[in-house]
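Enquirer: The structure follows.
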Amino acid sequence: AQSVAQPEDQVNVAEGNPLTVKCTYSVSGNPYLFWYVQYPNRGLQFLLKYITGDNLVKGSYGFEAEFNKSQTSFHLKKPSALVSDSALYFCAVRDSRGYQKVTFGTGTKLQVIP
Amino acid sequence: GAVVSQHPSWVICKSGTSVKIECRSLDFQATTMFWYRQFPKQSLMLMATSNEGSKATYEQGVEKDKFLINHASLTLSTLTVTSAHPEDSSFYICSGVGAGGTYEQYFGPGTRLTVT
């Protein structure tokens with residue numbers, strides 16, 4: 001079975017400071033990893049993904065994430081947080097083999113303080 | 001990015017009635033669509049996966065006779081909640097994945113269902 005853990009329900013960061021939202025995963029085969037963001041009263045939006053290749057992937061709005069196979073982690077990062085980054089962030093994983101099911105983490109609420 | 005719409009955005013129905021929710025991919029062909037429930041302050045719970053022209057694959061614990069999913073075309077999937085009960089009240093979200101091995105999902109804005 002595949003699973004995702006987002007250990008922090010909420011992350012608070014001051015505007016302009018770097019931010020990290022943590023994610024660890026478990027999957028039998030090679031992982032496909034994703035980050036999505038949900039703004040209030042809006043649908044989830046795709047931010048970035050790791051499928052293969054470079055461990056550091058860059059996505060929308062200046063976000064990036066690093067795939068670490070040995071630590072089974074895929075933490076989301078941004079060098080300088082904006083107040084507009086405040087939202088709910090979901091990490092998700094899918095096994096590269098066959099079945100399409102994607103498992104989501106429980107979400108981390110990011111609060112950027114002006 | 002690709003756009004997915006859902007209709008209605010919210011609906012209130014009486015217990016025992018059925019409700020249909022539509023999910024449309026507006027600018028891409030969704031070979032696969034997913035239906036989720038999202039509870040307050042909780043993650044997305046996958047209900048079923050549907051491929052165009054095939055029967056949906058339901059997750060364990062999801063009643064397929066209660067939650068009817070139809071994926072009749074590459075741009076439309078519907079979820080019908082039959083004989084709705086108050087415990088079916090939830091936020092239902094669909095997503096689509098395009099062809100070509102891109103893997104990421106594009107989500108609809110969700111439908112808030114309240115059963116009274």
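The values are calculated or read from the model by the stated rules, or taken from the named source; none is laboratory data. Being a predicted model, the structure only gives us computed values, none of them experimental. Ideal geometry is used to build each Cβ from the backbone, glycine not excepted, and the neighbour counts take in all protein chains shown. Ligands, DNA and RNA are excluded from the accessible area calculation, which covers all protein heavy atoms including side chains. Shrake-Rupley method; radii C 1.70, N 1.55, O 1.52, S 1.80 Å.
Enquirer: Once fully extended, how much extra length lies between residue B:5 and residue B:76, figured as 0.36 nm per residue of separation less the alpha-carbon to alpha-carbon distance?
Expert: Full-extension gain reported as 24.6 nm.
Enquirer: In addition: Give me the residues in region A:31-47 whose solvent-accessible area, probe 1.4 Å, is reduced by at least 40 Å² once all protein chains are included instead of the chain isolated.
Expert: Hits at the 40 Å² cut-off: A:36, A:44, A:46.
Enquirer: Just for the protein assembly as shown, what percent of DSSP beta bridges are antiparallel, to the closest 5?
Expert: In the protein assembly as shown, DSSP labels about 90 percent of beta bridges as antiparallel.
Enquirer: Related question: Would you rank A:28, A:60 by solvent-accessible area, highest first, keeping every protein chain in place and using a 1.4 Å probe?
Expert: A:28, A:60
Enquirer: Kirkwood Rh over Cα pairs of chain B into Stokes-Einstein at 10 °C, 1.306 mPa s: D in µm²/s?
Expert: 113 µm²/s
Enquirer: Another question about this same structure. Per residue, how many Å² of accessible area does chain A show with a 1.4 Å probe?
Expert: Per-residue value: 48 Å².
Enquirer: How far apart, in nm, are the 7 Å Cα→Cβ label points at residue A:109 and residue A:61?
Expert: 1.6 nm
Enquirer: Considering only protein heavy atoms, with the full assembly of protein chains and a 1.4 angstrom probe, order A:97, B:112, B:37 by accessible area, largest first.
Expert: Correct descending sequence by accessible area is A:97, B:112, B:37.
Enquirer: Now a separate question. Say each of residue A:30 and residue A:84 gets a label point 7 Å from the Cα, pointing the same way as Cα to Cβ; how far apart are those two points in nm?
Expert: Between residue A:30 and residue A:84, the simple spin-label model gives 3.6 nm.
Enquirer: Also, quick follow-up: Given the Cα atoms of the protein assembly as shown, and with Rh set as the inverse mean 1/r over their pairs in the Kirkwood sense, what is Rg to Rh to two decimals?
Expert: 0.97
Enquirer: When chain B is treated as a GNM, springs tying every alpha-carbon pair under 10 Å, which of B:54, B:89, B:77 comes out with the largest mean-square fluctuation?
Expert: B:54
Enquirer: Another one. Quick one: accessible surface of residue A:113, probe radius 1.4 Å, all protein chains present, in square angstrom to the nearest 10.
Expert: So the heavy atoms of residue A:113 present about 80 Å² to solvent.
Enquirer: How about region B:71-116: which of its residues lose at least 50 Å² of accessible area in the presence of all protein chains relative to their chain isolated, using a 1.4 Å probe?
Expert: Those are B:103, B:104, B:105, B:107, which lose 50 Å² or more relative to the chain on its own.
Enquirer: What do you reckon, how do A:50, B:106 stack up by accessible area (1.4 Å probe), largest on top?
Expert: If we order A:50, B:106 from most to least accessible, we get B:106, A:50.
Enquirer: Rounded to whole Hz and in sequence order, give me ³J(HN,Hα) for region B:70-82 from the Karplus expression 6.51 cos²θ - 1.76 cosθ + 1.60, θ = phi - 60°, writing x for Gly and Pro.
Expert: Running phi through 6.51 cos²θ - 1.76 cosθ + 1.60 with θ = phi - 60° gives 10, 10, 6, 9, 6, 10, 9, 9, 10, 10, 10, 8, 8 Hz.
Enquirer: Any idea what the relative contact order of chain B is, in percent, if you count C-alpha pairs under 8 Å spaced at least 6 apart?
Expert: 37 percent
Enquirer: Given a Förster distance of 30 angstrom, what is the FRET efficiency for residue B:20 paired with residue B:99, based on the Cβ-Cβ distance and rounded to 0.05?
Expert: After rounding to 0.05, the efficiency reads 0.70.
Enquirer: Which ³J(HN,Hα) values in Hz, rounded to whole numbers, follow from the phi angles of region B:54-60 under the Karplus curve 6.51 cos²θ - 1.76 cosθ + 1.60, where θ = phi - 60° and Gly and Pro get x?
Expert: 10, 6, 6, 9, 8, 6, 4
Enquirer: Here's another thing I want to ask about it. Mind jotting down the distance between the C-alpha centroids of region B:93-116 and region A:51-67, whole Å?
Expert: 23 Å
Enquirer: Moving on to the next point. Using only the Cα atoms of chain A, what are the Rg and Dmax in Å?
Expert: 13.5, 45
Enquirer: Chains A and B: buried accessible surface, both sides, probe 1.4 Å, rounded to 100 Å²?
Expert: 1600 Å²
Enquirer: Determine, for chain B, the count of lysine pairs separated by eight or more sequence positions (or lying on different chains) whose alpha-carbon distance falls under 25 Å.
Expert: Total qualifying Lys-Lys pairs in chain B comes to 9.
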